[in-house]
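Let me begin by presenting the structure, written as structure tokens, before commenting on it.
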Amino acid sequence: MSELADDRLVNIRVSKRVDPIAAEAGRSFLGRSQEEAQKASDPLDSPAMQALFRRLVGYTRREMDLQAENRAQIAIDHDYYDHIQWTVEDAQTLQARGQLPAVYNKIATSVNWVLGTERRTRVDWKILPRNSDGAKAAERKTQYLKYIADVNKAGFERSQAFADAVKGGIGWVEDGGQNNADGEPLYSRYVLGGSQCYP
């Protein structure tokens, strides 16, 4: 139990580690009664929205726990590429003996060769018509897809996701639509993945 500023007591489950999602996003829900939430002018403070929030945070926590071991292995894989191939203990042992913990990184050389091959073999869209009547429409669709790929720099975004996939086994690209008047209605962008997703 933890005492809040307004002297009300609220049950708070304490875990061994701080949950960054609940700590950042859930602060506004701690200590707020249902009556106060109903009186609030913001519809996001309603009990139904609070229940939805708790359910979504629960999904995220569950996935973080389920993927913890895999993400730790992905972090090790990325470290191997980044020339971090000695454990701290092994490196200290070598330094205590007067040896330099040198790394001859054959992994990075091989990965860079694969990444360079992917960059050199990028291809553009080509829409083919079903019959001769659809040739002009297919050409317009090809030009449109090429335009969308160019304004979104889709080739570079895919290459970044491919690099994550080669180094750690998983890479993400998000394709979707948006209502912004600022940019294009369709977007394609790299999503931070691998060991960097969760702290």
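Numerical summary
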read-out	value
Exposure ranking of Tyr80, Tyr104, Tyr190, Tyr59 by accessible area [1.4 Å probe, largest first]	Tyr104, Tyr59, Tyr80, Tyr190
Dipole magnitude (debye, nearest 20) for region 112-197, charges at Cβ of Lys, Arg, Asp, Glu	340 debye
Packing-based order for 140-148, 121-129, using average beta carbon neighbours within 10 Å, highest first	140-148, 121-129
Surface accessible to a 1.4 Å probe, Asp133 within the full protein complex, Å²	140 Å²
Column: log10 I(q)/I(0), Debye, Cα scatterers of region 44-137, q = 0.25 Å⁻¹	-1.20
By average C-beta atoms within 10 angstrom, highest first, the peptides 92-98, 150-156	150-156, 92-98
Computed FRET value (nearest 0.05) for Asp42 with Gln73, which takes r as the C-beta separation and R₀ as 45 Å	0.60
Ranked order, Ile170, Ile107 - accessible area, probe 1.4 Å, largest first	Ile107, Ile170
Solvent-accessible area of Arg158 with every protein chain in place, 1.4 Å probe, in Å² to the nearest 10	100 Å²
Two-site label geometry, Asn180 and Val57: point separation in nm, points 7 Å out along Cα→Cβ	2.8 nm
FRET E, pair Val114, Lys136, Förster distance 35 Å, beta-carbon r, rounded to 0.05	0.35
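The values are calculated or read from the model by the stated rules, or taken from the named source; none is laboratory data. Worth saying up front: this structure is predicted, and the values here are computed from it rather than measured. For neighbour counting, all protein chains shown are included, and Cβ atoms are generated from backbone atoms with ideal geometry for every residue, glycine included. Note: accessible area is taken over every heavy atom of the protein model, side chains too, but ligands, DNA and RNA are not part of it. Shrake-Rupley method; radii C 1.70, N 1.55, O 1.52, S 1.80 Å.
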